[in-house]
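Student: Here it is: the structure, laid out below.
Nothing in this text is a laboratory measurement; each read-out follows from the coordinates by a stated rule. These numbers were taken from a predicted model, which means no experiment stands behind them. Cβ sites come from the backbone with ideal geometry, for glycine too, and all protein chains shown count toward neighbours.
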Amino acid sequence: MADDAQNPFVGGWALMLPGGQPGWLGVESNGSGIEAQMLWGTGSVFKLEGSNLEGEKLVLTRLHESEGKKAKTKITETITATRDGDSLKLVSVTSKANGHGEYRSEFTGKRLPPMPPAPDLGKVKFGEAVPLFNGYNLDGWRLVESGAFNGWSVRDGILRNDLNSDEGKRHKNNGNLRTVAEFEDFSLHAETRVPKDGNSGIYLRGIYEVQVFDSFGKPLDSHNMGAIYSRIKPTASAEKPAGEWQTLDIIYVNRHATVALNGTKIIDNQPILGPTGGALWPEVDRPGPIYLQGDHTGIEYRNIVLRPVVN
């Protein structure tokens, strides 16, 4: 039995992946062994196919599928983690699809601080409202990625993102938009209009995505409108059809999130174990911006107002 005392890797780890992307590793005991989940840069949190202690090392197994001319081939990636106090050194080895040789990379991790207890929201005090969007221009905002196509503009009091569709020009990904200011704990109100099959997101502190998505009529899922992307599934469906204005009221305090969608509470003071795909950095204990995802589809926002927590 791998209890916490026997497994010093149990907990959450902030990863700095090869190439500088942020990631996350979560390790827990399940009574008869250990289980591990990982976030690799973008996309969803996923469960690793294997996780075992081998002496003082944690050995993780991740399977990839490679599309061949005749069939799909499963390729094994082995990640070996060595711990030095609250730091990890990780080595990834992946077999090449042709069976000849391997890819090898190294990256690092830092233990995340323990999860604080859920806050008593009835006792939390919020300060004066801070309008993040003035309805006239992009003052107070800037692109996350230098060199990306800027599809963001203001029209009729609405913050809009239009996809890059310049014919004959080299394609550039649309940029994500972030506040210049950074914040700690807060409540946030935002209104959004999602087009058919639209996909955006509101990132809290630059690392936790509250999903903005045309999921009207879809079964409950951790990728639906108002979810903490791939981490916390809404408890109710409160979406409106595409093309209608919708409201999100979000409270983020002590690494716990509460989300009300169109007046219905769909996430109630739940802990967020780590960053979501697209995070700006892996650390969970630093202030960060509000950022709006613009690299998927067009989207519209208005009335974005934040109230910081005050002591």
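Student: Checking the cross-link filter: which aspartates and glutamates have an alpha carbon closer than 13 Å to that of LYS57, excluding same-chain neighbours under 8 positions apart?
Tutor: In chain and number order, the partners are ASP84.
Student: Name the residues whose placed amide hydrogens come within less than 5 Å of the amide hydrogen of GLY198, ignoring near sequence neighbours (fewer than 5 apart) on the same chain.
Tutor: ASP214
Student: Ok, one more. If I model a spin label as a point 7 Å beyond the Cα along the Cα-Cβ vector, how far apart are those points for ASP86 and GLU106 in nm?
Tutor: My value for the distance between the label points is 2.3 nm.
Student: If exposed trypsin sites (Lys or Arg not before Pro) are those in a DSSP loop with at most 12 other Cβ within 10 Å, what is the longest stretch of the chain that has none?
Tutor: Longest run free of exposed loop sites: 197-311.
Student: Same structure again: Counting other Cβ atoms within 10 Å, keep those with at most 13, restrict to DSSP loop, and tell me which GluC sites (Glu not before Pro) in the stretch 73-157 are left.
Tutor: Taking the stretch 73-157 and a limit of 13 other Cβ atoms within 10 Å, the loop GluC sites (Glu not before Pro) found are GLU128.
Student: Using 20 Å as the cut-off for backbone N distance, which residues of the stretch 88-103 belong to the label zone defined by a point 7 Å from the Cα of GLU56 along Cα→Cβ?
Tutor: Once the point is set 7 Å along Cα→Cβ of GLU56, 88-92 turn out to lie under 20 Å by backbone N, inside the stretch 88-103.
Student: Sequence neighbours fewer than 8 away in the same chain don't count; with that in mind, list the lysines whose C-alpha is under 30 Å from LYS72.
Tutor: Once the sequence-local lysines are set aside, what remains near LYS72 is LYS47, LYS96, LYS218.
Student: Can you match semi-axes √(5λ) of the Cα gyration tensor in Å to one of these, [x] 39, 23, 15; [y] 31, 24, 16; [z] 35, 25, 18, based on a calculation from the structure here?
Tutor: Working out semi-axes √(5λ) of the Cα gyration tensor in Å from the coordinates points to [z].
Student: Then there's this: Using the basic label-point model (7 angstrom from Cα toward the beta carbon), what is the LEU220 to ASP156 distance in nanometres?
Tutor: Once both label points are built, they end up 3.7 nm from each other.
Student: Okay, moving on. What size of dipole, in debye to the nearest 20, comes out for the chain about its Cα centre when the only charges are +1 on Lys and Arg C-beta atoms and -1 on Asp and Glu C-beta atoms?
Tutor: It comes to approximately 500 debye.
Student: Okay, next question. Report, ordered by chain and residue number, the aspartates and glutamates lying within cross-link reach of LYS240, taken as a straight Cα distance under 14 Å and ignoring same-chain residues fewer than 8 apart.
Tutor: Within the straight-line limit of under 14 Å, LYS240 reaches these aspartates and glutamates: GLU191, ASP197, ASP214.
Student: Now a separate question. For a quick check, take a GNM of the chain with Cα springs below 10 Å and name the residue from LEU248, LEU58, LEU261 with the largest mean-square fluctuation.
Tutor: For the chain, modelled as a Gaussian network with Cα springs under 10 Å, the answer is LEU58.
Student: For the stretch 1-61, run through the GluC sites (Glu not before Pro) and keep only the ones in DSSP coil with at most 13 other Cβ atoms within 10 Å of their Cβ.
Tutor: Here the GluC sites (Glu not before Pro) that fit, given the DSSP loop and packing criteria, are GLU49, GLU56.
Student: Here's another thing I want to ask about it. How high is the relative contact order of the stretch 1-124, in percent, counting Cα pairs under 8 Å that sit 6 or more residues apart?
Tutor: Worked out over the stretch 1-124, it gives 19 percent.
Student: Also, quick follow-up: Multiplying the sequence separation of GLU49 and PHE126 by 0.36 nm and subtracting their Cα-Cα distance, what value in nm do you get?
Tutor: 23.4 nm
Student: Now, a different point. Tell me, what is the percent relative contact order of the chain, built from C-alpha pairs under 8 Å that lie six or more residues apart?
Tutor: 19
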